[in-house]
Every structure is written in structure tokens, then in C-alpha cells.
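The values are calculated or read from the model by the stated rules, or taken from the named source; none is laboratory data. Being a predicted model, the structure only gives us computed values, none of them experimental. Cβ atoms come from the backbone with ideal geometry, glycine included; neighbour counts cover every protein chain shown.
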Amino acid sequence: MPPEDSFEAARKVKEMYCYTCSDIVKEFNKHDKEPAKFIKQWRGIRLKTGAPYACDIGYERFLGPEVLFSPEIYTSDYITPLPALIDKCIQSAPIDTRRALYKNIVLSGGSTMFKDFHRRLQRDLKKIVDARVQAATAHHGGDIKAKPVEVHVVSHPIQRFAVWFGGSVLASTPEFFESPQLLCVKACHTKAEYEEHGASICRVNPVFKGMY
């Protein structure tokens with residue numbers, strides 16, 4: 001594959017051929033037993049010369065998405081899988097909101113569009129939550145049984161552009177430019193204001209009431 005085309009080719013391969021597997025070992029075995037069934041071929045045209053080229057896509061189809069669930073197979077610097085991160089985030093929320101958060105996990109972004117991504121995420125997160133519930137029950141000797149926690153990952157039609165969609169909704173409101181609720185403090189700044197005050201004007205966000 002031409003180096004200058006690698007990024008664009010990788011993006012298209014990711015969108016067209018990659019998927020989330022339920023068990024990486026079983027997936028390797030499936031590919032090894034019937035390689036012709038699972039291997040796909042990407043064909044492209046070199047941007048500089050117009051010459052055609054081709055490359056086979058095998059294990060990469062499921063190994064790419066697997067980095068989100070088993071990062072340790074790629075690096076030892078970062079080994080926390082996505083389900084554990086989500087669980088940690090919800091556990092840091094107020095205790096009376098956690099059940100609602102677990103059953104309303106909404107996907108957003110292009111890398112959540114892999115086939116069966118939401119099923120894998122829901123399954124792995126459910127395992128973490130169920131293990132905690134069982135540990136709590138065992139801690140009390142089985143006399144007090146913890147109520148099961150519902151885990152639901154929401155996959156929806158606009159999840160690929162959900163972040164942009166949310167930002168566009170905010171920007172379309174009058175409050176984005178001038179908000180009475182925020183004592184007439186704007187949630188955005190004009191180019192002229194930025195040029196006058198510099199980068200420091202972006203360090204205070206009236207929407208999130210924080211300083212960065």
C-alpha cells in the first residue's frame with residue numbers, strides 16, 4: 001500500500017470491513033479454518049500515479065475494534081478497557097443516579113459504529129456490574145440480596161454525528177450568544193474578542209462554570 005494513501009485506505013477499511021467480535025480466540029480460529037470466507041480485499045488507486053493496488057484484510061477486521069476492549073494486546077502503557085472506564089465513570093457519580101446511568105449509556109462517535117459494538121460493550125459492562133452485585137451479596141453472607149442492575153447500551157441512528165449534532169443544537173439557541181440565565185454572559189466568543197483578549201478568554205466557560 002502506498003504510504004501516502006495509508007490513512008485514507010485505513011479509514012475506508014475500518015468503515016467497510018471491521019466488526020466487533022464476541023471472543024477473540026474463537027474469531028482467530030474461525031479465520032484460520034476458513035480464511036477465504038473472512039478475508040476481504042481492498043482495492044485502491046494511487047493518488048499520485050493512478051496505478052491500482054490491492055491488499056488483503058484478514059485478522060485486522062476484528063483486531064482493530066478489539067483495541068477498545070483488550071488494549072493490553074497492543075501496549076503495556078494503557079491496559080484499561082472501555083467497559084471498565086465506563087463503569088469507573090458511573091461509579092464516581094452520585095449513588096442515587098447510577099442505576100439510571102447504567103441503563104442509559106448512549107453511543108456517540110464513528111468508532112462506535114462497528115458491527116455488534118453495542119452488544120459487546122453491554123455484555124462486558126454487565127459482567128462487571130453483576131460481579132459487583134454478587135460480591136455485595138456474598139459480603140452479607142447471602143442474607144441480603146442486592147437488586148440486579150440493568151445495563152443498556154443505546155445504539156441510535158445519529159450516533160456517528162451525535163457530538164456534532166449536540167453542538168449544533170446548542171449553537172442554534174439564543175442563549176449560546178447571550179443568556180439571561182447566565183447574567184448576560186455569552187457561551188461563545190467572537191473572533192474580534194479573541195483577537196483583543198487572546199487565548200485567556202477561552203479559559204473560562206460560563207456554560208460549565210469552570211476555569212481551565
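The table below gives the values:
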| quantity | calculated |
| --- | --- |
| Residue, nearest to residue 151 (Cα to Cα), within the range 72-96, restricted to residues that are part of a helix (DSSP H, G or I) and over 14 Å from the mean Cα position of the chain (by Cα) | 90 |
| Options 126, 191; residue that is over 30 Å from residue 204 (Cα atoms), without any contact (Cβ under 8 Å) to a residue 40 or more places away in the chain and either in contact with a Cys (Cβ under 7 Å, 6 or more places away or on another chain) or among the charged types (D, E, K, R) (or both) | 126 |
| Filter result (touching a residue at least 24 places away in the same chain (Cβ under 8 Å) and more than 17 Å from residue 119 (Cβ to Cβ)) within the range 133-157 | 149 |
| Failed condition for residue 2, given (1) over 19 Å from residue 113 (Cβ atoms); (2) surrounded by 16 or more Cβ atoms within 10 Å (Cβ to Cβ) | (2) |
| Subset tally (residues that are part of a loop (DSSP other than H, G, I, E, B) and of a type in the set (S, T, N, Q)) for the range 146-162 | 1 |
| Unmet criterion (only one of (1) modelled with pLDDT of 90 or more; (2) assigned to a strand (DSSP E or B)) for residue 111 | (2) |
| Count - residues of the range 40-71 that are part of a loop (DSSP other than H, G, I, E, B), touching a residue at least 40 places away in the same chain (Cβ under 8 Å) and either more than 21 Å from residue 27 (Cα to Cα) or of a type outside the set (Gly, Ala, Ser) (or both) | 5 |
| Residues of the range 80-125 classified as among the aliphatic types (A, V, I, L, M), in contact with a Ser or Thr (Cβ under 9 Å, 6 or more places away or on another chain) and more than 26 Å from residue 15 (Cβ to Cβ), total | 1 |
| Pairs where the first residue, in the range 19-36, is of a type in the set (D, E, K, R) and the second is not in a helix (DSSP H, G or I), C-beta under 6 Å, 6+ apart | 27/21 |
